Amino acid sequence: MSNKEQTYIMVKPDGVQRGLVGEIIARFEKRGFKLVAMKLVHATTEHLEKHYADLKGKPFFPGLIKYMASGPVVAMVWEGLDAVKTGRVMLGATNPLASAPGTIRGDYALAVGRNICHGSDAVDSAQKEIALWFPEGLVQYSNTLEGWVFE
Ligand code: ADP
């Protein structure tokens, strides 16, 4: 398979509280991506500040960190063809009001500050985010369906 990537996908605290974990996982599973890491974690402020380091200085940064630290998140790594870009398309635009219906945010969210999910925006940021959230490494296993999903 060419262009096989890994992307970091996270159900944010509002997505967990609203019972959308299964729905979000189901969409990635059904699309054909392979789950290679997953955990429920209540992240510290320090950890979240590292995750969102690029946004430090934005006016919404303190509120973003408070929101992300307000409850547990589901941290996941999904693998497959063009996983980073396709994952972003499946999530929808950052502001749910601009997200197309059929996307996760377009179907389940309304406010940019409560947009229920995160997905890496580039291959290099995916690698950094995976290392930050899964320093223990990913899970290696073979998926027998691969031949039915990819040429
Ligand atoms: P994305 O999560 O789509 O990659 P960004 O990296 O630009 O988007 O922003 C990170 C997160 O910060 C967003 O998902 C959202 O939760 C929050 N955010 C972005 N812009 C705003 C804003 N104007 N007001 C409140 N929160 C925001």
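Return the pairs, sorted by first residue and then second, in which the second residue is among the basic types (K, R) and within 15 Å of the ligand (Cβ to nearest atom), the first residue lies in segment 80-94 and is closer than 16 Å to V112 by Cα, the beta carbons are less than 9 Å apart, and the residues are 6+ apart or on different chains.
L91/R105; G92/R105; A93/R105; T94/R105
Please pick out the residue among V21, V77 that is touching a Ser or Thr at 6+ places or on another chain (Cβ under 9 Å) and farther than 20 Å from T94 by Cβ. First the steps, then the outcome.
Working: V21 fails: touching a Ser or Thr at 6+ places or on another chain (Cβ under 9 Å).
The conditions single out V77.
Can you name the number of the only condition in (1) in contact (Cβ under 8 Å) with a residue 60 or more places away in the chain; (2) under 13 Å from the mean Cα position of the chain (by Cα) that R114 fails?
(2)
Which numbered condition in (1) touching a strand residue (DSSP E or B) at 6+ places or on another chain (Cβ under 9 Å); (2) in a helix (DSSP H, G or I) is the only one that N143 fails?
(2)
Every number in this text was worked out from the coordinates using simple rules, so none of it is lab data. Because the structure is predicted, anything quoted here is derived from the model rather than measured. FYI the Cβ positions are ideal-geometry reconstructions off the backbone, even for glycines, and counts take in every protein chain you see.
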